[in-house]
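Student: I am attaching a structure below and will ask some questions about it afterwards.
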Amino acid sequence: MKQTFLPLLLLALMLAWASSPALTHAEDWPDPFAMEFEPVEVTPVEPVSVTLDNGMTLFLLEDRSLPLIEGTAYIRAGANHEPEERIGLAQLTALLSRDGGAGDRSPEEVDRQLEYLAASVEMSASEPFATAGFSSLEHNVDEVLEVLADILRRPAFDARRMEIARGRLLESIRRRNDQPLQLAVREFIARVSEGHPSGRYSSIETMSAIEAADIREFHERFYRPNNIVMALSGDFNAEEMADRIEEYFGCWEARPWDAPELPPFDEFPEPVVYHVQRDLAQSIIFVGHPAVTFDDPDYIRLDVLNRILGGAGDNRLFEEVRTRRGYAYAVGSQVTQGFEYPGIFFAYSVSRVDKTAEVLELMRREIKQIVQEPVSEAELDRNRRAIVNRAAFRYASAKAVADRSALVNFLGVDPDYYARHMEIIEGLTIDELLDTAKKHLRPEDAVILVVGNEELFDRDLTEFGPVEAVELD
C-alpha cells in the first residue's frame, strides 16, 4: 500500500469511530467546538546537525529521560525508482537487507543477537524512500550500531530468506482485494496518478520476476552514505554519538549519485467514474484530483479548506451526510502532501449502498459550495486555532523532533517551512481561502471511484460522467 499518499490507519479509525454508538451527554454540557483556551506556548528544541566526511547527515537530539536510544535512517531508495517490470523491488530489497543476514552474520545470527540485546532493527520502503529504524538500550547501542551498519552496508541477501520474504509479499498481493477499503484506496490512487510511478502497484508477475541480481544491483545503486539522512534521539551526548556513528559508518565510501528523472505527473487526469462491482452492504466512494506540492504556499491554505470541508472535528461533510441525513458510516476529506510530485485532494465516504448516488451528489455539492461561497469567520477561526494548537504536538517527543528534522533535510524542505506555515495560518483571510478554492478545487473534473453493488444503487452512475468498469487482478 502506498504509505505516503493516504493514511489508511487514520481512515480505519475514523470508520470505527463513525460506526460506533452515539455517546449520551447532559444538555448543559458545553459545546466543545465553542470552548476557548489560551494558546499553547512551546519552546522548540532543535537537534544538532552533523555531516560525516562520507556525506551521511545526522540529526542528534539528547533526551536523558530514559536509558533508550532510537534512530531512523532515510535512504533515497524508494519505489519510485523501480523498473516498471520489477515493481516491488524496493520493498523486497529493504526487507531482505534486514532479514537476509548482514556482514559475516547469518540471518539467524542477526536475529539472535538483536533479541539478546533487547533491540530492534526494522526496514521498509515507500514511494520516495526506504527507512531503517532501530531501538536500543543505551548500554547496548555500540553493538546495535555495528549490526545496523552491516545491514545497510553489507547485506547478505540469503536466498532462502529471499523466497520467504517474496512469498509473504506475494500472499499479500493475492489477498489485497479481500479488504474493500484498501481496494478502493489502491484503485483510486492508480487512476488519479495514472502513468506515474506513484500510481503503480506490484503484481504477482512483477514480484515473481525479481531475481537476486536485481536486488544486489538496486542496493549497489541506491544504498550509499551520501544518500542517507539519519535521525537519532535518546540517552547520549550528541558529540560522542556523532563519533560513534563515524566509527561504524565512516569507512563506508561515498559514491557519486544522480537521482533518476521521474516521468511527468499528469495533473489533469480524465474525469471518469470508475466502478468496482462488489456485493457489499455499503458503498465506498472517492472523489478527487491532483492538487499542489508541499512547498506551494497554497498547500497550507488547502489544508485549512480541507479541515472545514471534511477534516477532523466539526466539518461540513460529516454534518451534512452523516449527522443530518444518516447516510454514511464514515465521510470526510483529505489533502495529501506531495514532494516530488503533486499531492491529492479527495473526499471519501463509506455509505449506505441504496444512497450511493445521493451521497456522491452531496459530496460534490459541498465541494462546489466551498468553491463558490466564502467560509464563515467562525469556521476559519475554529480551524486556525486547532492547527496552531496542534503544532505543539510536533514537539511531543525527542524522536518526533529528530525524525522530522531529518526528513525535512532529506526532502529538501526549507528548515523554516513550519514557522512560515504558522505565519500564513495566523494571517489567513476568508478571501484568500476562496481564491485558493477557486484555483485548486475542481469538483466537476474530479476522478470518481465507487466500490459497491450497482444493482442496489439508487441511481445510475452515468449521471456523474462516463463510467468505466474496473477489472481486478
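The values are calculated or read from the model by the stated rules, or taken from the named source; none is laboratory data. Everything numeric in this text was worked out from a predicted model, so none of it was measured. Here the Cβ is made from the backbone with ideal geometry for all residues, glycine too, and neighbour counts use every protein chain on show.
Student: Pairs, please: C-beta under 6 Å, at least 6 apart or cross-chain, first residue in the same structural domain as residue 200 (by TED's automatic domain parsing) and over 21 Å from residue 227 (Cα atoms) and in the range 128-151, second assigned to a helix (DSSP H, G or I) and not small (Gly, Ala, Ser)?
Tutor: Once the first residue is in the same structural domain as residue 200 (by TED's automatic domain parsing) and over 21 Å from residue 227 (Cα atoms) and sits in the range 128-151, its partners that are assigned to a helix (DSSP H, G or I) and not small (Gly, Ala, Ser) give 136/144.
Student: Let me ask something else about it. Being in contact with a helix residue (DSSP H, G or I) (Cβ under 6 Å, 6 or more places away or on another chain) and either more than 15 Å from residue 149 (Cβ to Cβ) or assigned to a strand (DSSP E or B) (or both) is the filter here; which residues of the range 109-127 pass it?
Tutor: Answer for the range 109-127, where residues must be in contact with a helix residue (DSSP H, G or I) (Cβ under 6 Å, 6 or more places away or on another chain) and either more than 15 Å from residue 149 (Cβ to Cβ) or assigned to a strand (DSSP E or B) (or both): 121, 123, 124, 125, 127.
Student: Quick one: which of 202, 233 is in contact (Cβ under 8 Å) with a residue 24 or more places away in the chain, hydroxyl-bearing (Ser, Thr, Tyr) and assigned to a loop (DSSP other than H, G, I, E, B)? Break it down into steps so the answer makes sense when it comes.
Tutor: Values: 233 fails: assigned to a loop (DSSP other than H, G, I, E, B).
After applying the criteria, what remains is 202.
Student: Just a yes or no: is a residue in the range 390-402 over 20 Å from residue 47 (Cβ atoms), of a type outside the set (Asp, Glu) and surrounded by fewer than 17 Cβ atoms within 10 Å (Cβ to Cβ)?
Tutor: First, pick out the residues of the range 390-402 that are over 20 Å from residue 47 (Cβ atoms): 390.
Filter once more, so that each one left must be of a type outside the set (Asp, Glu): 390.
Among the residues that remain, those that are also surrounded by fewer than 17 Cβ atoms within 10 Å (Cβ to Cβ) are: 390.
For the range 390-402, residues over 20 Å from residue 47 (Cβ atoms), of a type outside the set (Asp, Glu) and surrounded by fewer than 17 Cβ atoms within 10 Å (Cβ to Cβ): present.
Student: Also, quick follow-up: Has the range 287-294 got any residue that is hydroxyl-bearing (Ser, Thr, Tyr), touching a residue at least 24 places away in the same chain (Cβ under 8 Å) and more than 20 Å from residue 418 (Cα to Cα)? Steps first, please.
Tutor: First, pick out the residues of the range 287-294 that are hydroxyl-bearing (Ser, Thr, Tyr): 293.
Subsequent filtering for residues that are touching a residue at least 24 places away in the same chain (Cβ under 8 Å) retains 293.
In the following step, the residues that additionally are more than 20 Å from residue 418 (Cα to Cα) were identified as none.
No, that holds for no residue.
Student: Would you mind finding the one in 151, 164 that is surrounded by 21 or more Cβ atoms within 10 Å (Cβ to Cβ), modelled with pLDDT of 95 or more and not in a loop (DSSP other than H, G, I, E, B)?
Tutor: The match here is 151.
Student: Working only within the range 372-389, note down all residues that are crowded, with 20+ Cβ neighbours inside 10 Å and not hydrophobic (A, V, I, L, M, F, W, C).
Tutor: If the condition is that a residue be crowded, with 20+ Cβ neighbours inside 10 Å and not hydrophobic (A, V, I, L, M, F, W, C), then 379, 383 are the ones that fit.
Student: A follow-up question, please. Can you name every residue in the range 89-104 that is of a type outside the set (A, V, I, L, M) and closer than 14 Å to residue 75 by Cβ?
Tutor: 91, 93, 97, 98, listed by residue number.
Quick grid of which residues meet (1) within 30 Å of residue 377 (Cα to Cα); (2) of a type in the set (Asp, Glu):
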residue	(1), (2)
408	no, no
435	yes, yes
441	yes, no
463	no, yes
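Student: Kindly indicate the residue of the range 424-473 that is acidic (Asp, Glu), surrounded by 12 or more Cβ atoms within 10 Å (Cβ to Cβ) and under 19 Å from residue 193 (Cβ atoms) and also modelled with the highest pLDDT among those meeting that condition.
Tutor: Within the range 424-473, the match that is modelled with the highest pLDDT is 468.
Student: For the range 299-341, what are the residues that are out of contact with any strand residue (DSSP E or B) (no Cβ under 7 Å at 6 or more places or on another chain) and not in a helix (DSSP H, G or I)?
Tutor: Selection gives 312, 313, 314, 325, 326, 337, 338, 339, 340, 341.
Student: Within the range 189-205, is even one residue out of contact with any strand residue (DSSP E or B) (no Cβ under 8 Å at 6 or more places or on another chain) and of a type in the set (A, V, I, L, M)?
Tutor: yes
Student: Same structure, new question: State yes or no: is residue 157 of a type in the set (Phe, Trp, Tyr) and not in a loop (DSSP other than H, G, I, E, B)? Step through it out loud before you land on a result.
Tutor: Values: of a type in the set (Phe, Trp, Tyr): yes; not in a loop (DSSP other than H, G, I, E, B): no.
Taking the combined requirement at face value, the residue does not satisfy it.
Student: So is residue 279 acidic (Asp, Glu), assigned to a loop (DSSP other than H, G, I, E, B) and out of contact with any Lys or Arg (no Cβ under 7 Å at 6 or more places or on another chain) or not?
Tutor: yes
Student: Then there is this: Consider residue 172 carefully, then state whether it is within 23 Å of residue 230 (Cα to Cα) and not aliphatic (A, V, I, L, M). Write out each step before concluding.
Tutor: Numbers: within 23 Å of residue 230 (Cα to Cα): no; not aliphatic (A, V, I, L, M): yes.
The answer is no for residue 172.
Student: Determine which member of the set 255, 221 is surrounded by 13 or more Cβ atoms within 10 Å (Cβ to Cβ) and either part of a helix (DSSP H, G or I) or free of Cβ contacts under 8 Å to residues at least 24 places away in the same chain (or both).
Tutor: 221
So that you can scan it fast, the table gives a plain yes or no per residue for (1) surrounded by fewer than 17 Cβ atoms within 10 Å (Cβ to Cβ); (2) modelled with pLDDT of 95 or more:
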{"residue": "268", "(1), (2)": "yes, yes"}
{"residue": "287", "(1), (2)": "no, yes"}
{"residue": "309", "(1), (2)": "no, yes"}
{"residue": "312", "(1), (2)": "yes, no"}
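Student: Search the range 321-339 for residues that are crowded, with 19+ Cβ neighbours inside 10 Å and pair each with any residue that is part of a helix (DSSP H, G or I) and among the aromatic types (Phe, Trp, Tyr) when their beta-carbon atoms are under 7 Å apart and the residues are at least 6 apart or on different chains.
Tutor: Once the first residue is crowded, with 19+ Cβ neighbours inside 10 Å and sits in the range 321-339, its partners that are part of a helix (DSSP H, G or I) and among the aromatic types (Phe, Trp, Tyr) give 331/318; 332/318.
Student: If you take the residues in the range 340-371 that are touching a Ser or Thr at 6+ places or on another chain (Cβ under 7 Å) and small (Gly, Ala, Ser), which one is surrounded by the most Cβ atoms within 10 Å (Cβ to Cβ)?
Tutor: Looking at residues that are touching a Ser or Thr at 6+ places or on another chain (Cβ under 7 Å) and small (Gly, Ala, Ser), I get 351.
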